[in-house]
1. Gap in Å between the Cα centre of segment 239-275 and the Cα centre of segment 118-133?
2. Looking at the P(r) of the chain, how many percent of alpha-carbon pairs lie beyond 30 Å?
3. Going by how many other beta carbons lie within 10 Å of each one, how would you line up 144, 35, 215, fewest first?
4. May I ask for the angle, rounded to the nearest 10°, between helix 246-255 and the longest principal axis of the chain, with both axes built from Cα atoms and the value confined to 0 to 90°?
5. Helix-only mean residue ellipticity at 222 nm, the chain, DSSP H runs n ≥ 4 weighted -39,500 (n - 2.57), per residue, nearest 500. What is it?
6. Note down the relative contact order for the chain as a percent, whole number, built from C-alpha pairs under 8 angstrom at least six residues apart.
7. Please list, by residue number, every one of the trypsin sites (Lys or Arg not before Pro) in segment 80-147 that is coil in DSSP and has at most 11 other beta-carbon atoms within 10 Å.
8. Starting from the Cα-Cα distance between residue 217 and residue 250, subtract it from 0.36 nm times their residue separation and give me the gain in nm to one decimal.
Amino acid sequence: MIKYRPTLIFKVEKIISDILSDGDITNIRSDLHRSKLWADSFWRRKNYHSRRIDPEIELLRSMKFDTILEIGAAYGRIANKITEKMNINYTGIEICDYFKPYYNEYNKEGKFEIIFTDFFDKMIDKTFDIVLLPMNTFPTFTYSSISMLLDKVKKYLNDDGKFIFSTYKLHEDINSDNINRYKRRIAGELLIDIKDRIALESHQYSLEITEYGASSKSIQMYHRLDNKYNILEKELFWTYIEYITHDSLLELLINSDLKVEVNETSHSMVYIATQ
């Protein structure tokens, strides 16, 4: 079997041609968040997640409500943090079916429910006091899809319901003069489990200016390894992040007939939108 050696970090410029010439990988996928490698990797970060400070959670704990819908619930990391402190009806939607066994293991007490489906494809026959889109999820929506997202969210809100989401805080408008501070970067991670190991290498390209802020793309390579670091599986993914300026985002929200409050006290921008 072939032993694993880090690839991206040492061969960034040649990575595409090198990998595409490998008969084991014939294309670069764009469906990372539907993949088993994504679910397995995210689950192995659960101890880090348990210590993470999420600005939305602190906000929700200060509010009074009975029902909530979370978009992109994964295995239930935020659902668990909320329901352990609050007696509410918590529903999540998750696009990746591979989170199901982790959800079942994490939610043995049945404190919340996660429905595994595409948020855009299926309509749940109920409305909610809160619709939540947690940190690191909103920037994965393309700018062109946000209006569709907002229209769908509004269908789930009670008359006085709130849509809460957060995104990266940009300390200044990104423009051609300061874009150089957002240079490309590389990173690596090794996620160990009893049965196997997952090595992740990521190369984020420099940001590109857009009419609404900026965007970036990354190549992410996943290797599944046995305990002797032999390669069992490998996949390559494109991922994209949208950095939308505050003014551009406010314009989208207002055009969707939503009123907006903004909380800037954390490391993120937390938006509270109402109809």
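Bear in mind these aren't lab numbers, they're just calculated from the coordinates by the rules spelled out. Since the structure is predicted, the reported quantities are computational estimates derived from the model, not experimental observations. Don't worry about glycine lacking a Cβ; one is built from the backbone with ideal geometry, like all the others, and counts go over all protein chains shown.
1. Using only Cα atoms to place each centre, the spacing works out to 19 Å.
2. Working: 13255 of 37675 pairs.
Within the chain, distances greater than 30 Å cover 35 percent of Cα pairs.
3. The most exposed by this proxy come first: 144, 35, 215.
4. Once rounded, one gets 50 degrees.
5. Using -39500 (n - 2.57) per qualifying helix, the result is -6000 deg cm²/dmol.
6. 20
7. 85, 108, 122, 126
8. 9.5 nm
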